[in-house]
4 protein chains.
Amino acid sequence: MIKVAILGATGYTALELLKILLRHPEVEIVAATSRQEGSPPVSSVHPSLFGRIDLALEDLSPEEVGRRAACVFSCLPHCASAEIIPRVLAAGAKVVDFSADYRLDDPATYLEWYGHQHPDPSRLGQTAYGLPELFRDQIRSADLVANPGCYSTSAIVPLAPLVKSGWFELDDIIIDSKSGVSGAGRQPKMMTHFPECNESMSAYNVGRHRHTPEIEQVIARWAGVAPRVIFTPQLAPMDRGILSTIYIKPRRVVSDAEVLGLLRDAYAGERFVRVVDHLPGTKDTVDTNFCDVTARVVRGRVLLISCLDNLVKGAAGAAVQNFNCLFGLPESTGML
Amino acid sequence: MIKVAILGATGYTALELLKILLRHPEVEIVAATSRQEGSPPVSSVHPSLFGRIDLALEDLSPEEVGRRAACVFSCLPHCASAEIIPRVLAAGAKVVDFSADYRLDDPATYLEWYGHQHPDPSRLGQTAYGLPELFRDQIRSADLVANPGCYSTSAIVPLAPLVKSGWFELDDIIIDSKSGVSGAGRQPKMMTHFPECNESMSAYNVGRHRHTPEIEQVIARWAGVAPRVIFTPQLAPMDRGILSTIYIKPRRVVSDAEVLGLLRDAYAGERFVRVVDHLPGTKDTVDTNFCDVTARVVRGRVLLISCLDNLVKGAAGAAVQNFNCLFGLPESTGML
Amino acid sequence: MIKVAILGATGYTALELLKILLRHPEVEIVAATSRQEGSPPVSSVHPSLFGRIDLALEDLSPEEVGRRAACVFSCLPHCASAEIIPRVLAAGAKVVDFSADYRLDDPATYLEWYGHQHPDPSRLGQTAYGLPELFRDQIRSADLVANPGCYSTSAIVPLAPLVKSGWFELDDIIIDSKSGVSGAGRQPKMMTHFPECNESMSAYNVGRHRHTPEIEQVIARWAGVAPRVIFTPQLAPMDRGILSTIYIKPRRVVSDAEVLGLLRDAYAGERFVRVVDHLPGTKDTVDTNFCDVTARVVRGRVLLISCLDNLVKGAAGAAVQNFNCLFGLPESTGML
Amino acid sequence: MIKVAILGATGYTALELLKILLRHPEVEIVAATSRQEGSPPVSSVHPSLFGRIDLALEDLSPEEVGRRAACVFSCLPHCASAEIIPRVLAAGAKVVDFSADYRLDDPATYLEWYGHQHPDPSRLGQTAYGLPELFRDQIRSADLVANPGCYSTSAIVPLAPLVKSGWFELDDIIIDSKSGVSGAGRQPKMMTHFPECNESMSAYNVGRHRHTPEIEQVIARWAGVAPRVIFTPQLAPMDRGILSTIYIKPRRVVSDAEVLGLLRDAYAGERFVRVVDHLPGTKDTVDTNFCDVTARVVRGRVLLISCLDNLVKGAAGAAVQNFNCLFGLPESTGML
């Protein structure tokens, strides 16, 4: 059994992670941290885990966590994560970081989008980006994996094969995404107060969402040039799920079959990317680690449609997939 | 035109009140108060009113509000309301109070259920209870009306004719109510955070909800004795609406037709109580001032089922109906 | 009082129309048709109208309807509508048609998108398109008005001022729309079965939705050339509301202020189009006849965001606005 | 590996069953039946299973199914189930029946509540009732298990220990239940059409729901006398989950602690019944096989509150738990 720990275990991604780990045959959860006083049981903040986990929320030092566990999942917010992770790594544990702290290669980009100096800049550009379907080799040999943003995965998975093909313009990629409310976290605020967001759709952070540079950076790895991405996040009145509708312009006439062929070739053998002919709905992927994608040519543009569960393939499921990579287990262990 | 003002205009009941008043042919809204700084426009906190109302949120004294308006609607929380209303009344305005402060007759009961001394005890027992279908005469001659609790109206409307009939036991009345989330107000908190309460049903404040003594007090007026009410509030994943299922035991065998007859006789001529044969859903009453009720005899017990919109008949609609009573207007003015 | 009738009164748009008309001070509803047997009361299919309308659903001839009413609202499905409307017009009534039958100018386009020969082709190209903000003059002098599609209004309102400006490319307009489920009508089907569409987002009719040629045709009136529109309709888990996110490419560098200025200039004085600075949510417009629009420049593209209630500004509210135009009433009569 | 088959595999309970079985370490799914033509893949009707199951929907005879599988799960509707199950049993398979056909002991009660003669009356009264927490011994030695109704489990689990205690009146048990919409099945109909039931709560089948005699029969086993149950099912706007609020009258004064003690004693060691101190919400149990229960004494009555997922502990999870019993496996196999 591989000993694992969770930093910042009170939010939704941590809850989802706990649920997956409890089913994982090779894992023993040895610690879950929180700054709450008095070491309350995990189930006191996650009543759905009542009777399923016998663990207290502890306020532990990073060193202690790193000593206890072979792998540490950090569900801390960005900035806090990069302050603690170096100490966890130094204690000998591997780390999967849910925050954005190690996703970007360039400290200047981090400063621009996150508004503060990166606490651990030397690891930027050195950290594996945790999309195993695309960066499996780097992940396998890593100590630290940056788990991708939920929107980013929904965009990069369908876009990657098209970008690699060279058939498409990269200066006018439009990503129109709709997310369930759990993506906004567990802290109550007006925007996510039930009577405000229920029965409503609205855009937010238009042109300013922090997953934009992350998507552009990953695309640029294959593109050679800096792509130009317009990314519009929107809040949908549902718990979970992201539907991304992506518009990209081909350099020549293409057919549905050709584009679907690119996707199928790229993801043949991948367990968690399903290239489908029908138009998928987010519900097809909820509570699973699947990302469903399809494509249509409409009036000369290509539409890519992708769905995933923002808490699973967009967070905790991807993290466990990365964990499986890090420890040489079959990637789907614990997730089918 | 009758000049009206709203105290505490940033919440959901105030928004609903504004929407109704904007359509009311005899009303001019002259003030809306809030402690926000800088007198922002009402539409800055209620974007649905953008372009519909040209009024700023002002931090006004009760005296100033009472001077400007002939009728003041207080949407302040309990306790705050009873501290301010005497000053508004003294300034010459009539008042409809949305809070619980003037609903109970007895300061000791208030202290027991609300946990503090009543700031204006002399008006308790003297204040009209704002259910015009039952207390129209008192309301018409009042200066101050206590707008009923939303659950209370959903329970009292169907129960009143049965209690008056003398056919029923009063020591074992069970009220099982389900409410939309707007009933919990506009302040974000964990219980009403979308991913917590969406797709879930749960009970809260079992045996301790403050509408219990209010319901009992009103029933006692006809019963002669103190009834015993078990009231269970439950949160349903929807914006608005209350469904109350009430179980009451007859002293003799009764039929559906007899009980429906009691209801029909009591509410013949009432515009806003609809006695129906079918099983009503809350959606039938949403955005209206109607309370729909029906009855069934099941295994010797009588079931009463009632629906209403907690923000309209359960709050702002009732308040305007009371206002219409206070000023001698047809009760449905502005609400059909 | 102007006598009005409704053809096909059992669906959601008819219900919404009835609700608005019941509040309209100049209207008397004299007939509501349906092929149901036995002339049941309207409230038997619309329980929310119980006690509010004393009218039966009748199976009347178009001639009879046209004789009884000065204005007839047709909520019949496309094709059925164009078979009946000529007979209603011949009987002397004016008509507002909710269906798509008179929206397109060209019978060939109709055949292509609707799959059958138009039953009344001579009126195509002669019929007023019912967007008063843009085509008020034609509507005022018309006998027949084609009420626009709900998605079409959400797209055309924000696009029109930009297209007229001449500043934008018209061969690459992307309209990504999200609609509540009531837009799919009242006939139960798998796609709109609660457990299928609740908690899910999905695209449908990609590249094939019938509002596409309608949007293109209206834009072409100002553009001179045929625009190329990519329109993606998506189903959101809510009752009502459309959020359209529109991507259009300027021919030169533009600012947020310039684009908002185009919108504000175009709709100055319009009661039902609100140009706002904030990002509007569909809930801001639900149950109202407003269309809220805003704009943002993102990486050289212009984003337009619009919201409306598909059953009001997208259907019944627009119809009453058209009715008010047809009969020389202030356009907002009955709708504020 | 134990070979299993599913009869009637296109609905929601079958989908849930498939999801659980795919994770079950001791199970091989060898057949899934449906009357659909052309043997389409299971994933064509359940897109969430795309890539997860390689099985076609076949139109097989009961004998063929009984020969292929050691255990057959019947998700057929009542009546159809009892016509087919005897032939499956004769072919040598064990059966878990999701329908109501084998739940009642008495053919006359079946006729009264289901409206037709039972096709296989000799097995009534001989069939194990599939609530392992209460009838484990009978299930273990059975060939046929009647999986309980979803509401029934939510009522019987909390009631059983109280009834057994002898402390409570049994002639006045009130069960007020609220269910998610998936409980109504996958066939689209008006009541479950999204715009009808979303944002609404309503009661249905008041006094006539078929789980009533099932609950009474099970209670009578311990009570000695026939209890009198008033059961009110209500539809809540959510996919899954049942919240049952139960009111039962003690014969003497009892405390919260005593009633919770009865529950804790009864379910000590049970993996899937969680007796909790807090007020549980349905979301705590969604996607799990748990039934959460608590109790409160309110004004002399006892309130029991229970939650479960109608598709898991209320259907497919219970079925797999029964299967595990039938085949001597640990009861939680495949479900934690």
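Residues that are crowded, with 24+ Cβ neighbours inside 10 Å, touching a Pro at 6+ places or on another chain (Cβ under 6 Å) and within 21 Å of residue D:198 (Cβ to Cβ) are absent from the stretch B:312-329 altogether. Note on the stretch B:258-306: residues that are modelled with pLDDT under 95 and touching a Cys at 6+ places or on another chain (Cβ under 9 Å) amount to 0. Residues in the stretch A:290-301 that are of a type outside the set (Lys, Arg) and surrounded by fewer than 24 Cβ atoms within 10 Å (Cβ to Cβ): A:294, A:297, A:298, A:300. Go through the stretch A:277-307 and give me each residue that's within 17 Å of residue C:201 (Cβ to Cβ), free of Cβ contacts under 8 Å to residues at least 24 places away in the same chain and within 12 Å of chain C (Cβ to nearest Cβ). If the condition is that a residue be within 17 Å of residue C:201 (Cβ to Cβ), free of Cβ contacts under 8 Å to residues at least 24 places away in the same chain and within 12 Å of chain C (Cβ to nearest Cβ), then A:278, A:284, A:292 are the ones that fit. Does the stretch A:250-262 contain any residue that is among the polar types (S, T, N, Q) and more than 8 Å from chain C (Cβ to nearest Cβ)? Yes - at least one qualifying residue is present in the stretch A:250-262. Only residues that are touching a Lys or Arg at 6+ places or on another chain (Cβ under 8 Å) and part of a loop (DSSP other than H, G, I, E, B) were counted across the stretch D:167-197, and they come to 7.
When each of C:175, C:230 is tested for being surrounded by 17 or more Cβ atoms within 10 Å (Cβ to Cβ), in contact (Cβ under 8 Å) with a residue 60 or more places away in the chain and either aliphatic (A, V, I, L, M) or out of contact with any Ser or Thr (no Cβ under 7 Å at 6 or more places or on another chain) (or both), the lone residue that passes is C:175. When the stretch A:254-269 is filtered for residues that are in contact (Cβ under 8 Å) with a residue 12 or more places away in the chain, over 17 Å from residue A:298 (Cα atoms) and of a type in the set (D, E, K, R), only A:265 remains.
Only one entry of A:236, A:223, A:257 meets the criterion of being buried (at least 24 other Cβ atoms within 10 Å of the Cβ) and among the hydrophobic types (A, V, I, L, M, F, W, C), and that entry is A:236.
Here residue C:294 meets each of (1) in contact with a His (Cβ under 8 Å, 6 or more places away or on another chain); (2) closer than 19 Å to residue C:135 by Cβ with one exception, condition (2). With respect to the conditions (1) under 27 Å from residue A:97 (Cβ atoms); (2) surrounded by fewer than 24 Cβ atoms within 10 Å (Cβ to Cβ), residue A:268 lacks only one, and its number is (1).
For every residue, the table says whether it meets (1) more than 22 Å from residue A:303 (Cα to Cα); (2) touching a Leu at 6+ places or on another chain (Cβ under 6 Å).
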{"position": "C:225", "(1), (2)": "yes, no"}
{"position": "C:243", "(1), (2)": "no, no"}
{"position": "C:252", "(1), (2)": "yes, no"}
{"position": "C:275", "(1), (2)": "yes, yes"}
{"position": "C:281", "(1), (2)": "yes, no"}
{"position": "C:300", "(1), (2)": "no, no"}
{"position": "C:318", "(1), (2)": "yes, no"}
{"position": "C:327", "(1), (2)": "yes, no"}
{"position": "C:334", "(1), (2)": "yes, no"}
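Just to be sure before I move on: is residue B:124 more than 19 Å from residue B:266 (Cβ to Cβ) and either in contact with a strand residue (DSSP E or B) (Cβ under 6 Å, 6 or more places away or on another chain) or touching a residue at least 12 places away in the same chain (Cβ under 8 Å) (or both) in the structure I sent? Yes, satisfied. Among the criteria (1) surrounded by fewer than 23 Cβ atoms within 10 Å (Cβ to Cβ); (2) within 9 Å of chain A (Cβ to nearest Cβ), the one residue C:169 does not fulfil is (2). Of all residues in the stretch C:280-302, those satisfying the criterion of being within 17 Å of residue C:151 (Cβ to Cβ) and not acidic (Asp, Glu) are C:280, C:282, C:285, C:286, C:289, C:290, C:291, C:293. Being surrounded by 24 or more Cβ atoms within 10 Å (Cβ to Cβ), touching a residue at least 60 places away in the same chain (Cβ under 8 Å) and part of a loop (DSSP other than H, G, I, E, B) is the filter here; which residues of the stretch D:94-117 pass it? Scanning the stretch D:94-117 gives D:98, D:100, D:103, D:104. Checking C:144, C:134 one by one, the residue that is under 20 Å from residue C:224 (Cβ atoms) and either at pLDDT 95 or above or buried (at least 23 other Cβ atoms within 10 Å of the Cβ) (or both) is C:134 and no other. Scanning the stretch D:301-336 for residues that are among the hydroxyl-bearing types (Ser, Thr, Tyr) and touching an Asp or Glu at 6+ places or on another chain (Cβ under 8 Å) yields D:306, D:333. Put simply, of B:141, B:179, B:165 the only residue that is of a type in the set (S, T, N, Q) and within 30 Å of residue C:199 (Cβ to Cβ) is B:179. Restricting attention to the stretch D:3-55, which residues are β-branched (Val, Ile, Thr), in contact (Cβ under 8 Å) with a residue 40 or more places away in the chain and in contact with a His (Cβ under 9 Å, 6 or more places away or on another chain)? Those that are β-branched (Val, Ile, Thr), in contact (Cβ under 8 Å) with a residue 40 or more places away in the chain and in contact with a His (Cβ under 9 Å, 6 or more places away or on another chain): D:4, D:10.
Considering the conditions (1) away from every other protein chain (no Cβ under 14 Å); (2) at negative phi, residue D:206 is excluded by exactly one of them, (1).
The values are calculated or read from the model by the stated rules, or taken from the named source; none is laboratory data. Remember, it's a predicted structure, so these values are computed and weren't measured experimentally. Positions of Cβ are generated from backbone atoms using ideal geometry, with glycine treated the same way; all protein chains shown enter the neighbour counts.
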